[in-house]
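S.K.: Below are the structure tokens for one structure; questions will follow.
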Ligand SMILES: *Cc1c(COP(=O)(O)O)cnc(C)c1O
């Protein structure tokens, strides 16, 4: 008898839970532990092979979260980290060696670039940034010393969609490890590991948490790279507190319903914005007008609530009038929670392989779980405030 792989909603509902092992409790409880005691000398001497041996090396709560991440991302193994940035730096450090060369998308998350420029460079690791849209053309940038290709799709702030399979195939031909920052999809709308990517990291802070109350990073990976990642992870003493792991598991349970709401409301607001005279361009890959739309359809089963738009030129006072009057849209870092956010962004200042000059102010929106009509109403009033 063949057992069909359970659907994604079934997986996020049941993954990382074993009630029979916890007095029937539906959720894996919070295990706070540093010391783990062994019943006798033989067990103590055999502890190297025990899954539970010391709090820093994981507890039943963090192990449950790792198992859940594997189920979500379709990976062999997973590691959890105290922030998305820590997941990023752990992966980059694991592949760092003197003289190595990394290829990183020009659309990557700011702190990813900073780690390459400020930390890796000090140790003689060189990074080349590449145009996120070059696809198979990545091959011409590969050098004998290239060790890692870093993707992020859609790109931070600018939302270019990458041809992940084409880049991964080129990397494979040269024995190069591939990594993707999969935060935008939450791992719910895209499983890069199934496309041949070796490592998929996320800021679990965003959609896995879903409630703006948690810092977390996840590293999903295939077996061949696991030991290397784990070694770096252990050397740096990376670990996640049991309460945080519990919150992440709790967030994960409702991911499906949340993501579907983010998807439909985000597209609704994006379509509305595209028709407004104050808006030059909407940066949402699910809109057919987006240059990455065909690739988005190829790789993603849906869109999260994060996208951007470019405004026609306005002066700073007008922009402040628009931004300062919002009540439903908060202004602040991060996204992926239940609530809507708006921030201006300026990708032009850090890009090096490509230029970002869309002709007006770029704005990033996170569409939360509110009624989309209320959000549209609030945006309409905000755009009206541009006129004195
Ligand atoms: C927020 C974010 C991160 C970093 O996550 P933290 O948990 O804030 O450290 C990494 N990648 C992307 C794409 C992000 O948006």
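Bear in mind these aren't lab numbers, they're just calculated from the coordinates by the rules spelled out. Computed from a prediction, not measured in an experiment: that's the story for all the values here. Quick reminder, even Gly has a Cβ in these numbers, built from the backbone with ideal geometry, and neighbours come from all protein chains shown.
S.K.: Given the options 346, 40, 271, which has the most mean-square fluctuation in a GNM of the chain, springs set between C-alpha atoms less than 10 angstrom apart?
M.R.: It is 40.
S.K.: For a footprinting-style exposure proxy, rank 184, 296, 335 by other Cβ within 10 Å, fewest first.
M.R.: Listed from fewest to most nearby Cβ atoms, that is 296, 335, 184.
S.K.: A further question on this structure: Could you sort 86-95, 201-210, 250-259 so that the peptide with the highest average Cβ count within 10 Å comes first and the rest follow in order?
M.R.: Top of the packing list down: 201-210, 86-95, 250-259.
S.K.: In whole Å, how far is the Cα centre of segment 344-387 from that of segment 120-187?
M.R.: Segment 344-387 and segment 120-187 have Cα centres spaced 26 Å from each other.
S.K.: Related question: Please report the Cα spread of segment 186-311 along all three principal axes, rounded to whole Å, starting with the longest.
M.R.: 54, 31, 25
S.K.: Between residue 271 and residue 315, how many nm apart are label points set 7 Å from Cα along the C-beta direction?
M.R.: Distance between the two pseudo-spin positions: 3.7 nm.
S.K.: With springs only between Cα atoms under 10 Å apart, run a GNM on the chain and tell me which of 125, 180, 149 wobbles the most.
M.R.: It is 125.
S.K.: Further question on the same structure: Per the Debye formula with a single identical scatterer at each Cα and no solvent contribution, what log10 I(q)/I(0) holds for segment 124-179 at q = 0.13 Å⁻¹?
M.R.: Each listed q corresponds, in turn, to -0.29.
S.K.: Also, quick follow-up: Can you list, largest first and rounded to whole Å, the semi-axes you get for segment 24-98 by taking the square root of 5 times each eigenvalue of its Cα gyration tensor?
M.R.: Ellipsoid half-lengths, sorted descending, are 26, 19, 12 Å.
S.K.: What base-10 log of the normalised intensity I(q)/I(0) is obtained for segment 144-255 from the Debye formula, alpha carbons as equal point scatterers, at q = 0.17 Å⁻¹?
M.R.: Log10 I(q)/I(0), no solvent term: -0.90.
S.K.: What full-extension length gain, to one decimal in nm, is calculated for residue 172 and residue 52 as 0.36 nm per residue of separation minus the Cα-Cα distance?
M.R.: 39.7 nm
S.K.: Can you compute the FRET efficiency between residue 97 and residue 21 using 1/(1 + (r/R0)^6), with r the Cβ-Cβ distance and R0 = 51 Å? Round to the nearest 0.05.
M.R.: Given R0 = 51 Å and the Cβ-Cβ separation, E is 0.80.
S.K.: What does the extension gain come out to for residue 373 and residue 122, with contour length at 0.36 nm per residue minus their alpha carbon separation?
M.R.: Length gained, residue 373 through residue 122: 85.3 nm.
S.K.: Using Cα-Cα distances under 8 Å and only pairs 6 or more residues apart, what relative contact order does the chain have, in percent?
M.R.: For the chain, the relative contact order is 17 percent.
S.K.: Using 0.36 nm per residue, how much length does the chain from residue 338 to residue 323 gain when fully extended, once their Cα-Cα distance is taken away?
M.R.: 3.4 nm
S.K.: Helix-only mean residue ellipticity at 222 nm, the chain, DSSP H runs n ≥ 4 weighted -39,500 (n - 2.57), per residue, nearest 500. What is it?
M.R.: -9500 deg cm²/dmol
S.K.: For 49, 340, 212, what ranking results if the residue with the fewest other Cβ atoms within 10 Å of its Cβ goes first?
M.R.: Fewest-to-most ranking of 49, 340, 212: 49, 212, 340.
S.K.: Taking the alpha-carbon set of segment 257-384, what are its Rg and Dmax in Å?
M.R.: 14.3, 41
S.K.: Would you please calculate the Kirkwood hydrodynamic radius of the chain over all C-alpha pairs and express it in Å, rounded to one decimal?
M.R.: Roughly 21.9 Å, rounded to one decimal.
S.K.: In whole angstrom, how far apart do the alpha carbon centroids of segment 36-86 and segment 282-302 sit?
M.R.: Comparing the Cα centres of segment 36-86 and segment 282-302, I get a distance of 37 Å.
S.K.: Further question: To two decimal places, what compactness ratio does segment 317-376 give when its Cα radius of gyration is scaled by 2.2 N^0.38 Å?
M.R.: Ratio of Rg to 2.2 N^0.38 Å for segment 317-376: 1.29.
S.K.: If you don't mind, there's one more thing I want to ask. Going by how many other beta carbons lie within 10 Å of each one, how would you line up 341, 79, fewest first?
M.R.: Ascending number of Cβ neighbours within 10 Å: 341, 79.
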